1. Does any residue of segment 194-216 turn out to be under 25 Å from residue 257 (Cβ atoms), in a helix (DSSP H, G or I) and at pLDDT 95 or above?
2. For segment 208-232, give me each residue that is among the hydroxyl-bearing types (Ser, Thr, Tyr) and closer than 11 Å to residue 254 by Cα.
3. Scan segment 92-132 residue by residue and report those that are more than 19 Å from the chain's Cα centre (by Cα) and aromatic (Phe, Trp, Tyr).
4. Answer with yes or no whether residue 78 is under 18 Å from the mean Cα position of the chain (by Cα) and at negative phi.
5. Within segment 48-65, count every residue that is touching a Ser or Thr at 6+ places or on another chain (Cβ under 6 Å) and either at pLDDT 95 or above or surrounded by fewer than 17 Cβ atoms within 10 Å (Cβ to Cβ) (or both).
Amino acid sequence: MRVIFGILSSNNTAAAVQQIVDKIGSDHTIIVHHDFSKQPEFRLTGSNVHIIENYMKTSWGDWSLVEATIRLIEAAQSKGEFDYFQLLSDTCLPIQPIDKFVDYINLMKPDANIDYVSVLDEPILMMNHGYRAFSEKQSIGHRLLRKLNFLCAFGKTEVRMVAGLAVLTTENKVSLYLKAPLFLLQHIALQMAVSRLGFSHPFRREFKCYAGSQWFGCSSVTCRDILQWIKKNPKVIIHFKNMQIPDEFFFQTVILNLRPQNIMSSNHFINTFNGINNYSGPPFLEADDFNKLSLSDKFFARKFPKESVHPIRLKMLNYDNS
């Protein structure tokens, strides 16, 4: 079983990324996309480690993160035959032995491990993320939908996880009642966007929009199909490039519309969004999170603190549950 690991690296230290490399071991190919514009003096060791020279300058919420992932997949394809590709961030670590992960892939033979939900089929996600899916940045329609989203989200204090994404909600009935006209206006505007009344997007009944956490894995066949789909759909790519935070939509949408037979949940444990202050992303793991990591049935976790000597990092690196 030949697994290729792709690591997206930008702001974390080489020492922290080296810990990922060492934990994976030398039996599998590791390809790293590092943004050298952020850290020029970035070096890793390992005969199985390959760093992409033609790197992208990456930014949070930008198409560059999707493009960097595509380059990792292309680099994996250039290495010859393999069975599975697993994407990791520079704040990830394996939380189970890699041999167990390989055994799982060999047994289950998933076409993809990815968390996803149809934007149209999940009302709370539609209200939170619909303005990004069905409108393009800088357009008048996008600015309208974004303003409505801001007004409707103002004062919400509950955070739920949907397919690895944070969505805002509230249980306050008074607030819901007072904002009912705003919610209705947002719903109408979103339905206009979905129907392409004054809005432009590629989504149709036969090409649905999906969303979820970016961190996925997939078979070599699915990797090949993703790259072929990209070549055949340049106009759709333009829409994704003009979306806000496209990495939460792109691979879910492409993979699900390829309709593979065996899609399973993500291999990643993602720390719970635990409040409004952490809405922009999951909080960093702490030392007291070790128990839930050790009990998880996932194979990888994020977000580990960036300090390579942080207690939770060292504890997980030294943990052996084989």
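The values are calculated or read from the model by the stated rules, or taken from the named source; none is laboratory data. None of the values given here were measured: they were computed from a predicted structure. Ideal geometry is used to build each Cβ from the backbone, glycine not excepted, and the neighbour counts take in all protein chains shown.
1. Yes, segment 194-216 has at least one match.
2. 210, 222
3. Selection gives 101, 104.
4. Criteria not met by residue 78.
5. Number of matching residues: 5.
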